[in-house]
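No value in this document is a laboratory result; all are computed from the given coordinates. Computed from a prediction, not measured in an experiment: that's the story for all the values here. Here the Cβ positions follow ideal geometry from the backbone for every residue, glycine too, while neighbour counts run over all protein chains shown.
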């Protein structure tokens, strides 16, 4: 991607496969990324749904290397690199830039609570100043339900003003359309606003947004990407409703184990059910209910079993 | 400390000095630890107030080595080792045990929210099983206002039952005396219950608790330790009230920068004011108000300037 081009499209925060001893299963991850790319979506590896914060920095660096060595196009990789400690964020971010990733998705530091906009500004500024690399593109990651740290509109504006080239966009996982809408209204130029859920994809695109980075892009990538391509078509509203129906089956379960159960089921590969603590896999009853709900709305995933 | 002896006393989550480039200042940390030990308290290095989650695992391992190499008695060190990712927690915990630390203070993984007791149990169990070391003593760290992850009494009981030798105690930083009191009433044997604030020290000791691990043990260590030694004496209630008066001056400011400002002032060494983002140092006005409030209650710190 040329540096001048705005990041856009659909990205999947790919779920993370583990071996029986809970080590990362790089080979399965590579195959899953290939399948996702074939469905038209980019890979937000190390998103919340990747259990990224249950992996060490060293594990993440090794995995990025493995993906790129396996021929995954780094310009389709948007790794999550924001951690609590500046040295960790910096190390992973530098590695992602070195490999040619199209950008990084950056959480604010999330241990200390009630931090000020000034403190958050300084956190991002330290990373940017120390990385000191014109290729760095940061997609800010606003997910207060999990991180408990909000990125306010004045903070975003201050970051854009200070680092217009580097601060390239935001993923809004607040689940609050009013917040996404207010950001879209702000008129920031060359700034990519991604919804954190495809439930808001059509609205986001209609207001000039860049796409979405969504948990359920793990299981329904092609249909989400299709709406991204055809949002100005006559059936866009119907396509959107269909995405919502599928997502609604998933989001009342613990989302990460639910996504993994769906991948496990449709790839006939139960190893996908594994999660690292503190997460736990779905119960048999939850899994049956989830799959049955998805069947009732006519959902299926194709091509996964052959891929496995 | 013999393995059979219950951990007890007062521990200070020592504040972390930084150089102008925000690197850790190991020499200043060593001096500060020596001063604290001289005041009678142990060192809960890498507590919340140590900005531990703003340091990388590598930085923490190096610092532990530096402290022990400098002659700090490892049996007086209780490092915080609980991180989001099991490999990180395991690495730091193993290093602490290898160095002979008296125990480790262990946060639960704190990124994912709404996790189950089952998931938290598995998190601690994975660490204990993988560390596989009879010398390991874990003090659980319950600090829901910051971590947003609560350790319930049924979870604690399950951990004690499964690992009676390893699960050695808990620090309760809920700020809720009813919670500490309920734990003290549970009758767990050979289990050390530390209050997270000296405001509850006398009550904690009266009910059989082990002491406290408190932010303000950075600035008022000798007096807190004195109450620990003399809690059955006739002036215990007055000593407790005096501790509360001092703590109350501090806790309505952002606590970590406030503690650092106090150390900076009384050691005439402004480098102590530095914090890593996302924290910010106190404003001049906050600093003046804080120091003036402390003066009004007759507070001072002695021996720090000579130490610096």
*asked:* Principal axis extents for segment B:211-269, Cα atoms only, whole Å, descending order, please.
replied: 37, 22, 17
*Kindly provide the Kirkwood hydrodynamic radius of segment A:11-135 in Å, to one decimal, from all pairs of distinct alpha carbon atoms.*
14.9
*Is there a simple number for the mean count of other chain Cβ atoms within 10 Å of the Cβ of residues in B:46-55, and what is it?*
3
*Sorted by Cβ density within 10 Å, fewest first, the residues A:55, A:239, B:78*: A:239, A:55, B:78
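Using helices alone, what [θ] at 222 nm do you get for chain B, with -39,500 (n - 2.57) per DSSP H run of 4 or more residues, divided over all residues and rounded to the nearest 500? Write out the running numbers ahead of the final one.
Working: 13 runs with 137 residues, N = 308.
Roughly -13500 deg cm²/dmol at 222 nm, from the helical runs in chain B.
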*Could you state the per residue volume, in Å³, of the convex hull enclosing the Cα atoms of the protein assembly as shown?*
149
*Counting other beta carbons within 10 Å of each Cβ, put A:192, B:123 in order, fewest first.*
A:192, B:123
*Tail weight of P(r) past 19 Å, computed on alpha-carbon pairs of segment B:178-228, percent*: 22
*Take peptide B:125-131, look around each residue's Cβ out to 10 angstrom, count Cβ atoms belonging to other protein chains, and average those counts.*
1
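How would B:146, B:14, A:57 line up from fewest to most surrounding beta-carbon atoms within 10 angstrom? Could you put the intermediate results ahead of the total?
Numbers: B:146 17, B:14 26, A:57 22.
Ranked by crowding around the Cβ, least crowded first: B:146, A:57, B:14.
From the square roots a ≥ b ≥ c of the eigenvalues of the alpha-carbon gyration tensor of segment A:9-234, which class results: rounded (a/c under 1.5), prolate (a/b over b/c), or oblate?
Verdict is oblate for segment A:9-234.
For segment A:186-308, what does the alpha-carbon gyration tensor say about shape, rounded, prolate or oblate, given a ≥ b ≥ c as the root eigenvalues, a/c under 1.5 as rounded, and a/b over b/c as prolate? Can you show the working numbers first?
Numbers: a/c = 2.19, a/b = 1.75, b/c = 1.25.
Prolate is the answer for segment A:186-308, as a/c is 1.5 or above and a/b outweighs b/c.
As a test, work out the antiparallel percent of DSSP beta bridges whose residues both lie in chain A, rounded to the nearest 5. Please report the intermediate quantities before stating the final value.
On the way: 1 of 22 bridges.
In chain A, DSSP labels about 5 percent of beta bridges as antiparallel.
Cα convex hull of segment B:76-182: how many Å³ per residue? Write out the running numbers ahead of the final one.
Details: hull volume 10.4 nm³, N = 107.
Convex hull volume per residue, Cα atoms: 97 Å³.
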*In peptide A:254-260, what is the residue-averaged number of other protein chain Cβ atoms found within 10 Å of each Cβ?*
1
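Using Cα pairs under 8 angstrom and six or more residues apart, how large is the relative contact order of segment A:9-234, in percent? Intermediate results must be reported in sequence, preceding the final value.
Working: 395 pairs, mean separation 46.4, N = 226.
Computed value for segment A:9-234: 21 percent relative contact order.
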*In µm²/s, what is D for segment A:126-187 at 20 °C and 1.002 mPa s, where D = kT/(6 pi eta Rh) by Stokes-Einstein and Rh is the Kirkwood radius from Cα pairs?*
172
